[in-house]
1. Using only Cα atoms and rounding to the nearest 10 degrees, what angle (0 to 90) does helix 90-114 make with the longest principal axis of the chain?
2. Taking the range 2-114, how much of its Cα-Cα pair set, in percent, is spaced more than 23 angstrom apart?
3. When the chain is modelled as a GNM with alpha-carbon springs shorter than 10 Å, which of VAL15, VAL47, VAL82 fluctuates the most?
4. Say we join alpha carbon atoms closer than 10 Å with springs in a Gaussian network model of the chain; which of GLN43, GLN89, GLN63 then has the biggest fluctuation?
5. Among SER50, SER66, SER11, whose mean-square fluctuation peaks in a Gaussian network model of the chain (Cα, cutoff 10 Å)?
6. Nearest 5 is fine: what % of DSSP beta bridges in the range 2-114 come out antiparallel, could you say?
7. Treating the beta-carbon of each Lys and Arg as +1 and of each Asp and Glu as -1, no other charges, what is the dipole magnitude of the range 16-89 about its Cα centre, to the nearest 20 debye?
8. Please report the spacing between the Cα centers of the range 89-116 and the range 10-28 in Å, no decimals.
Amino acid sequence: MKVRLDVDIYSFTVVIVTTFEEFKKLHKAADKENLFCTSECGQYIYVLVSDEWGDFYNHLFIQCMSHELNHAAMCLLNHIGVNYDYENQEALCYLQDFLMAGFFKAVEKYNTTQKR
C-alpha cells in the first residue's frame, strides 16, 4: 500500500509505503535489511513500515507505524525550524496524530473499496 499525505501547512509531503519494493522506488539507496525506516529528501519524507503481519490493524503494525510517523513528524518539524521539547510538545503530537489519522483513513477507504 502507498499513501501520500500532503502537510499543506508546512509545504511537505509524507509518503508511506508498506513494502520494500515500493520504498525502493522512492529511495534508491534503500537497504533491504531495514523493514521500518524514515528518510527525508527535500520537501518529501518517505516512510517504510513493512506489513510483516498481513494486517494493518495488528497492534505490532500500529506500534511500528506510530514509531516511524513520530520520526517523520520530528524530521519535518526540525527541517522547518519548529522547536519541540518537553515544554513544547503539541506541534509534534498533533503532527503525528495528523499523519496517523491520514494513514488509517486511507486504510479504511482501501478496505471499503476491496469489499465491493
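Bear in mind these aren't lab numbers, they're just calculated from the coordinates by the rules spelled out. It should be emphasised that the depicted structure is a prediction, and the values quoted were computed from it without experimental measurement. Don't worry about glycine lacking a Cβ; one is built from the backbone with ideal geometry, like all the others, and counts go over all protein chains shown.
1. 20
2. 26
3. The residue with the greatest mean-square fluctuation here is VAL82.
4. Result for the chain, Cα springs under 10 Å: GLN89 fluctuates most.
5. Comparing SER50, SER66, SER11 in a Gaussian network model of the chain, the most mobile one is SER11.
6. Around 70 percent antiparallel, to the nearest 5.
7. Charge dipole, the range 16-89, about its Cα centre: 280 debye, nearest 20.
8. 16
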